[in-house]
1. Are there helices (runs of 4 or more DSSP H) fully within the stretch 152-259 with at least 3 residues that are within 25 Å of Thr28 (Cβ to Cβ)? List them.
2. Could you grab the pairs with beta carbons closer than 8 Å, sequence gap of 6+ or different chains, first residue in the stretch 37-64 and more than 23 Å from Asn82 (Cα to Cα) and assigned by TED's automatic domain parsing to the domain that holds Val79, second one of a type in the set (A, V, I, L, M) and buried (at least 23 other Cβ atoms within 10 Å of the Cβ)?
3. Kindly indicate whether any position in the stretch 435-444 is at pLDDT 95 or above, within 30 Å of Ala227 (Cβ to Cβ) and not in a loop (DSSP other than H, G, I, E, B).
4. Say we look at the stretch 329-368 and pick out the residues that are of a type in the set (Val, Ile, Thr) and in a strand (DSSP E or B); which of these is farthest from Thr146 (Cα to Cα)?
5. Looking only at residues in the stretch 105-155 that are among the small types (Gly, Ala, Ser) and within 17 Å of Ala36 (Cα to Cα), which one is modelled with the lowest pLDDT?
6. For the stretch 382-431, which positions are of a type in the set (A, V, I, L, M, F, W, C), surrounded by 18 or more Cβ atoms within 10 Å (Cβ to Cβ) and touching a His at 6+ places or on another chain (Cβ under 9 Å)?
7. What tally of residues in the stretch 389-428 results from selecting those that are of a type in the set (A, V, I, L, M), more than 23 Å from Glu464 (Cα to Cα) and not in a loop (DSSP other than H, G, I, E, B)?
8. Condition check: over 28 Å from Val255 (Cβ atoms) and either free of Cβ contacts under 8 Å to residues at least 40 places away in the same chain or crowded, with 22+ Cβ neighbours inside 10 Å (or both). Does Ala312 satisfy that?
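The values are calculated or read from the model by the stated rules, or taken from the named source; none is laboratory data. Note that the structure is predicted; figures quoted are calculated from it, not measured. Here the Cβ is made from the backbone with ideal geometry for all residues, glycine too, and neighbour counts use every protein chain on show.
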Amino acid sequence: MNLAHVLLEASRDHADRPVLHQGGGTTTYAELEQRARTAAEQLRSLGVGAGDRVAVKLPNGPAFAAAWFGTLRLGAIVVPLNVLLARPEVDERLRISGARLLVEDPDFFDLDLEPGSDVAQCGASDPAVILFTSGTSGRAKGAVLTHGGIRFAAQAAARALGLTPDDVVLGAAPFSHVLGQSTGLVGTVLAGASIAVVDRFEAESTLRFMSDTSTTILLGVPTMCIALCEAARTGAALPSVRIAHIGGAPVPLEVARDFEETFGGEVVEGYGLTELSGIATTYVPGQARKAGSVGMPLEGTQLRIVGDAGHALPANEPGEVEFRGPSVIPGYWDDEASTAEALSPDGWLSTGDIGYVDADGYLFLVDRKKDVIIRGGYNVYPREVEEVLYAHPDVLEAAVVGISHPTLGEEVAALVVGRPGAAPDPDAIRAYARDRVAAYKYPRRVLLVESLPKGPTGKILKREIDVQTLLGSESTT
């Protein structure tokens, strides 16, 4: 069950076919397998063995894929880290995971080293990856994804998307994110397809690259659809996209219609979770779509809606969305309290999201987790940013909220009450936060206010803040 066999088997079946397109060049399946074997041997020479954690902070590309599969060959556990994370965030994740080493140099592995050949034995329930998610608490938690769970989720996603060796998947979703890793990397390799890796999503250059590589599958967020459609109006050559699988935020009907008319493919909306090892619900090609729905659970995954008392609710009645199945994580790394809160004794995962299922089995999401801001497909957890702001010497109170944005969906904003006698500078506060959190998290808008609304216990009541009136919808970059 070791996931390293996914690449090993694909290299035997598709040795000379490209697995990665990047920067005008390609990496074949045989070449990537050789790099993964070499990476494993070098990690072994550094003392890495079964059960050890290896943090990987690399952009999408051959180096990340080789480090990922190479770590798994040893029976070790990969800890993927987003390249946008600030140093304090990296240090926190290294501490929690107890990672033996951090790989952040693409040239770290010595390609002249003699590669090893053996693959460690692993069971389906053995940990393969620790992916960090902050949840609504703002505190980093390491979700433990297993060899069997990732394989199940990736296989189900590949089937749902109808992936074949002829497909080329746009590799814009970070491999350090569950979608880019499970569906993008593992799902593509399982299907013998290839990935068109973009170093940074910029609509016009990405569109040219998609055309050059004949990209057929887009895994992304609504903002990508909007930007690609705008770029297409310049008269650039267009790829024939078969499917655009979109998640992270609701897809406006006009956006889906524009994308389908421009590129000729089908836009399908889905819903995924780190704790479910990838995609949770989606549509399969040709399936009738329902406006506002994120589709049905992947084959083999159970879905239910529960009320406050934990009992299952009938069709069309909103409640908390829960899932159960082989891809659900067994828990969080070294965090029994968070595990007990998220997972029931009989294996149901509480998502914290509110939704309902109609009579035909389609899931409709009513609301995201309280207070979570979804900026361009990235989850921003206000408490995490607020804790940084509270550390600023001029800040007495802070409330981080989302404001509407025409292309990102939501933008991050902060309302700040200054300390008595201080003279807070919004630009300085914004810069302070920018240096301490990932680039997509820091507040682009900082507004100084005299007070924030509070309840009887002193808790700040964000629901009583008229954010849009105070800040407006225009974003400051």
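1. Those helices (runs of 4 or more DSSP H) span 188-191, 203-212.
2. Within 8 Å, the pairs are Thr38/Ala66; Arg44/Leu74; Gly49/Leu74; Gly49/Ala76; Ala50/Leu74; Ala50/Ala76.
3. no
4. Among them, the one singled out is Val366.
5. It comes out as Gly116.
6. Answer for the stretch 382-431, where residues must be of a type in the set (A, V, I, L, M, F, W, C), surrounded by 18 or more Cβ atoms within 10 Å (Cβ to Cβ) and touching a His at 6+ places or on another chain (Cβ under 9 Å): Ala398, Val416, Ile429.
7. Residues that pass the stated criteria total 1.
8. So Ala312 passes the test.
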